[in-house]
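Read the structure below first, then the notes.
Values quoted throughout were computed directly from the atomic coordinates according to the rules given, and no laboratory measurement underlies them. Computed from a prediction, not measured in an experiment: that's the story for all the values here. Cβ atoms come from the backbone with ideal geometry, glycine included; neighbour counts cover every protein chain shown.
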Amino acid sequence: MGVTKVNQSFKTQVTRDRMFKALILDSHNLCPKLMFSSIKSIEFIEGNGEVGSIKQMNFTEASPMRYARLRIDALDKENFTCKYTFTDADTLMEKLESITCEVKFEPYGYTGCICRMTSEYRTKENVEIKEEDIEMGKDRAIGMYEVVEAYLLAHPHAYI
């Protein structure tokens, strides 16, 4: 099994507490509304959003995947951090054992934040992950952050 580690960050004009609430605590409600062309629904299979909970993201026909399941491994609401592991996804899991993501929201300037994400791709034995697969995942994550940021900027009283 090989491990590929990827770091990325995204600067936003929205405070870390609002980004954390929208992207982490309420993503199951907000993301299907904002990204309806690709995300059909997000539902809890187990738990209610705390550590140990399992979420399933169901994608539309326009997406290359049908679903992905993730487990919440750590959640620190005071320090605005979250760690979760994708344990199942129809097309990705042919090559991967799991993808673990750690997200941290740090203050930036007066009203903004930096969203830092570290992802670890654990491949199955004798499998190499392609750079374009990693880039596609990074682009989707940043795209989701940008959509949520635009929503929060347009709705300054949301997630206060």
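So which residue, out of 149, 132, 97, gets the largest mean-square fluctuation from a GNM of the chain using Cα contacts under 10 Å as springs?
Of the options given, 132 has the highest mean-square fluctuation.
Take each of the peptides 80-89, 19-28, 62-71, average the number of other beta-carbon atoms within 10 Å over its residues, and list them starting from the highest.
Those peptides, ordered most packed to least, come out 19-28, 80-89, 62-71.
Tally Lys and Arg at +1 and Asp and Glu at -1 over the other residues with C-beta under 14 Å from the C-beta of residue 29: what net charge comes out?
Once all neighbours under 14 Å are counted, the net charge is +2.
Among 144, 136, 93, which one shows the highest mean-square fluctuation when the chain is modelled as a Gaussian network with alpha-carbon springs under 10 Å?
In the Gaussian network model the winner is 136.
Two decimals, Cα atoms only, Kirkwood Rh: what is Rg/Rh over the range 1-127?
Radius of gyration over Kirkwood radius for the range 1-127 works out to 0.98.
If you line up the long axis of helix 131-154 against the longest principal axis of the chain, both from Cα atoms, how many degrees apart are they, to the nearest 10?
20
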